[in-house]
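Participant: Take this structure first; my questions come after.
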Amino acid sequence: MEKNGIVISDSALREGAEKGMDAFLQVFIDAYLKVMEGEGFDAEKMHRLNGWQHALLSYHFFRQEVLEGGFVQLIQNGFGPYIYDNPFAKAMRLMGLKEFAKMIYATKEIYDEHRADLEKDCTEEEFMAMYEQYEAFDDFEDEFISEEEEITEQIARYVDGHIGDFAEISQNDGE
């Protein structure tokens, strides 16, 4: 399974799984971030992960940013293109998360319409004002927050059922 280049030890995966779905997924995320050399992305690094791996990493950033500061923060922190210019929503739909995919498509419409303004460099005051200016995101944020645990659980089940798409599992503890 050289095709995806991500190798995770079986013991690390089992340890993550024993701690719960978040820790299980984090084993993959940590491996992806290591291969991507941290959280910086550029075109040269993108090929290091396959589409499913990018989908899982996209969810990681989406979840982290939206739970912490909503869609405005997600976009202001530079993740708009990674989420909305890639087939993230389609991957979520293929994982069986049709309603979540619809949310991604709906927020993409807001993003596309106001992209220049949402992505512009701004002061802390201007950033905070964006929350009032882009209240259209509020209902989507509330929806995600209320459904996040179920969405994360479904993604973890999908990854577990299609593990070869997300990493090669090594029986060696040294990976």
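The values are calculated or read from the model by the stated rules, or taken from the named source; none is laboratory data. Keep in mind that this is a model prediction, so the values were computed, not measured. Positions of Cβ are backbone-derived with ideal geometry, glycine not excepted, and every protein chain shown enters the neighbour counts. Note: areas computed on protein heavy atoms with side chains; ligands, DNA, RNA excluded. Shrake-Rupley method; radii C 1.70, N 1.55, O 1.52, S 1.80 Å.
Participant: What is the one condition in (1) open to solvent by less than 30 Å² (accessible area, probe 1.4 Å); (2) in contact (Cβ under 8 Å) with a residue 24 or more places away in the chain that GLY96 does not satisfy?
Facilitator: Unmet condition: (1).
Participant: Then there's this: Does GLU141 satisfy being modelled with pLDDT of 95 or more, buried (at least 17 other Cβ atoms within 10 Å of the Cβ), within 21 Å of the chain's Cα centre (by Cα) and within 17 Å of HIS60 (Cα to Cα)?
Facilitator: For GLU141, the condition - modelled with pLDDT of 95 or more, buried (at least 17 other Cβ atoms within 10 Å of the Cβ), within 21 Å of the chain's Cα centre (by Cα) and within 17 Å of HIS60 (Cα to Cα) - is met.
Participant: When the range 153-166 is examined, which residues are found to be more than 21 Å from GLY5 (Cβ to Cβ), surrounded by fewer than 18 Cβ atoms within 10 Å (Cβ to Cβ) and either in contact with a helix residue (DSSP H, G or I) (Cβ under 7 Å, 6 or more places away or on another chain) or among the basic types (Lys, Arg) (or both)?
Facilitator: Passing the criteria: GLU153, ARG157.
Participant: Shifting gears a bit: Tell me which residues, restricted to the range 153-175, are assigned to a helix (DSSP H, G or I) and either basic (Lys, Arg) or over 29 Å from LEU97 (Cα atoms) (or both).
Facilitator: Residue satisfying the conditions is ARG157 alone.
Participant: Pairs only if they're at least six apart or on different chains, beta carbon under 7 angstrom, first in the range 1-23 and closer than 18 Å to GLU149 by Cβ, second among the charged types (D, E, K, R) and modelled with pLDDT of 95 or more; list them, first residue then second.
Facilitator: Matching pairs, first to second residue: MET21/GLU153.
Participant: Let me ask you something else. Inside the range 105-138, can you point out the residues that are in contact with a Phe, Trp or Tyr (Cβ under 6 Å, 6 or more places away or on another chain) and hydrophobic (A, V, I, L, M, F, W, C)?
Facilitator: Matches in the range 105-138: PHE137 only.
Participant: Which number in (1) of a type outside the set (Ser, Thr, Tyr); (2) in contact with a helix residue (DSSP H, G or I) (Cβ under 6 Å, 6 or more places away or on another chain); (3) modelled with pLDDT of 95 or more marks the one condition that GLN26 misses?
Facilitator: (2)
Participant: Okay, next question. For the range 41-60, which positions are over 14 Å from the mean Cα position of the chain (by Cα) and modelled with pLDDT under 70?
Facilitator: Within the range 41-60, ASP42, ALA43, GLU44 meet the criteria.
Participant: Within 16 Å of the chain's Cα centre (by Cα), open to solvent by 10 Å² or more (accessible area, probe 1.4 Å) and among the small types (Gly, Ala, Ser): does that describe GLY5?
Facilitator: no
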